[in-house]
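Just below is one structure, and these are the notes that go with it.
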Amino acid sequence: QLSFASSATRSWVEEAASSSHLLPLANTSEIVIEDGRSPKLSQDGHLLAYIRDRRGRGQLMSTLEGPLTPAHWNVFDTVALFDGSFIVAASEGEELPELYHVGAGNSPQPLHLGATRYPSLSPDTRWLAYSRYQSGSWNLWLLDRSMNVPRQLTAGGCNRIESSWEADSKTLLYASDCGRALGFTAICRRRVVP
């Protein structure tokens, strides 16, 4: 079992054998989704989105809407927003990924935050944490969504990635290889909002 997604009413798990597939955790009539990974449920639990890899590229798919991103993109990771839309880290060609706002029936909108990955939305939905690539390393940044103002949280020649919020919407947990061998991460905790 590689990843999970859950809401108040539904839960999905990604399992891997010869390929990844998604299955509901409860006994329901929902079918298994073949070749799917990294499940995300909308906040109301009605929309399941996941990444499907084709020819070395990830595409964000939805059980209700079909493809949510263009086939020529490579989607790395995503976070669900309360309105049923998503923020995705994606790239075109060999470029570094950037964050985009995508939703069914709408054109993807770039957030113009530079080379970015690992989006994480705070429980109160005000803050978007992400990692930005600068000078060979991934460092944490914070976007105040109410004012669209980004703020750098960390700097240096090591990586801080995969952030996740605590319930207070003020504290982040993240993986860091700072002070360790490159790629050997430890979990760090940091209060980022006063």
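The values are calculated or read from the model by the stated rules, or taken from the named source; none is laboratory data. Remember, it's a predicted structure, so these values are computed and weren't measured experimentally. Note that we place each Cβ from the backbone using ideal geometry, even for glycine, and neighbour counts take in every protein chain shown. Calculation scope for accessible area: heavy atoms of the full protein, side chains included, ligands and nucleic acids excluded. Shrake-Rupley method; radii C 1.70, N 1.55, O 1.52, S 1.80 Å.
Could the peptides 155-161, 36-42, 63-69 be put in order, highest first, of the mean number of other beta-carbon atoms found within 10 Å of their residues? Each step should come with its number before you reach the end.
On the way: 155-161: 17.0, 36-42: 21.0, 63-69: 15.4.
By packing density, highest mean first, the sequence is 36-42, 155-161, 63-69.
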| field | Unpartnered cysteines - no second Cys beta carbon under 4.7 Å - across the chain | value | Cys188
| note | Computed ³J(HN,Hα) along segment 76-86: with the Karplus parameters 6.51/-1.76/1.60, θ = phi - 60°, integer Hz and x for glycine or proline, the list is 9, 8, 8, 9, 7, 9, 5, 8, x, 9, 9
| said: For Cα Rg over 2.2 N^0.38 Å, pick the label among [x] 1.30; [y] 1.02; [z] 1.16 that corresponds to the value derived from the coordinates. | reply: [y]
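Gln1 to Asp44: extension gain in nm, 0.36 nm per residue of separation minus the Cα-Cα distance?
Working: separation 43, 0.36 × 43 = 15.48 nm, distance 2.37 nm.
Gain on extension, Gln1 to Asp44, equals 13.1 nm.
Whenever you get a sec, compute what percent of the accessible area on the chain sits on carbon and sulfur atoms (1.4 Å probe). Write out the running numbers ahead of the final one.
Numbers: 4980 of 10090 Å².
With neighbouring chains kept in place, the figure for the chain is 49 percent.
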| note | Length gained if Glu166 through Ser135 is fully extended, taking 0.36 nm per residue and subtracting the Cα-Cα distance, is 8.3 nm
| task | Let me have the relative contact order for the chain, percent, based on Cα pairs under 8 Å that are six or more residues apart. | result | 9 percent
| field | Fluctuation leader among Asp168, Asp35, Asp53 - the chain, Gaussian network, Cα springs under 10 angstrom | value | Asp168
| field | Amide proton proximity set for Ser11, modelled H, under 5 Å, gap of 5+ | value | Leu25, Ala26
| field | Under Karplus coefficients 6.51, -1.76 and 1.60, residue-wise ³J(HN,Hα) of segment 103-114 in Hz, glycine/proline x | value | x, 4, x, 10, 6, x, 10, x, 8, 6, 10, x
